[in-house]
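The next block holds one structure in the form of structure tokens; read it before the comments.
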Amino acid sequence: MDSIWAHDDTAQCVHPGWELLLGWDEIQTSWARIFANTRRMRISLSSVWARVEGDVAWVACTEHVTTAFDEGFDEATVQATNVFVLRDGQWLLAARHASPLPPSARPVVQ
């Protein structure tokens, strides 16, 4: 996560079910918590849509997340939008918003 995120106070992130996190410090802490509480995580994507306008790009996609914990597995389907900015020749993630999809709206992954 360190290499893809913008490391400044303009970065923002909403994990599914979480409140808005502002700035790289809050975002980095959140990812450290997520990874510390999981043994393994697998994410596959579907319905990927991307657009580039100058120095800004955004990607919308459906994420199919399988997480392994000490006591078992969990599966979730999330709709995510990620906004990237081009800084010094590198695309950096500046904003992410991910929301859980209800079971009835989850597409079938083949």
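Please find, within the stretch 78-105, the residue that is surrounded by the most Cβ atoms within 10 Å (Cβ to Cβ) out of those that are within 14 Å of SER46 (Cα to Cα) and modelled with pLDDT under 95. Selected residue: LEU101. In the stretch 2-23, which residues are under 14 Å from the mean Cα position of the chain (by Cα) and surrounded by 14 or more Cβ atoms within 10 Å (Cβ to Cβ)? Passing the criteria: TRP5, ALA6, ALA11, GLN12, CYS13, VAL14, HIS15, PRO16, LEU21. When the stretch 52-68 is filtered for residues that are within 14 Å of ALA80 (Cα to Cα) and without any contact (Cβ under 8 Å) to a residue 24 or more places away in the chain, the ones remaining, listed by number, are ALA60, CYS61.
The condition of being small (Gly, Ala, Ser), touching a Cys at 6+ places or on another chain (Cβ under 8 Å) and either under 18 Å from ALA11 (Cα atoms) or surrounded by 15 or more Cβ atoms within 10 Å (Cβ to Cβ) (or both) holds for SER30. Being part of a helix (DSSP H, G or I) and touching a residue at least 24 places away in the same chain (Cβ under 8 Å) is a description that applies to TRP31. The requirement of being acidic (Asp, Glu) and either exposed (fewer than 14 other Cβ atoms within 10 Å of the Cβ) or over 15 Å from the mean Cα position of the chain (by Cα) (or both) is not satisfied by GLU63.
Restricting attention to the stretch 1-28, report how many residues are outside any loop (DSSP other than H, G, I, E, B), of a type outside the set (S, T, N, Q) and over 22 Å from THR77 (Cα atoms).
Of the residues in the stretch 1-28, 5 are outside any loop (DSSP other than H, G, I, E, B), of a type outside the set (S, T, N, Q) and over 22 Å from THR77 (Cα atoms).
If the requirement is being part of a strand (DSSP E or B), exposed (fewer than 13 other Cβ atoms within 10 Å of the Cβ) and modelled with pLDDT of 95 or more, which of these qualifies: ALA50, ALA57? The conditions single out ALA50.
The values are calculated or read from the model by the stated rules, or taken from the named source; none is laboratory data. Since the structure is predicted, the reported quantities are computational estimates derived from the model, not experimental observations. For neighbour counting, all protein chains shown are included, and Cβ atoms are generated from backbone atoms with ideal geometry for every residue, glycine included.
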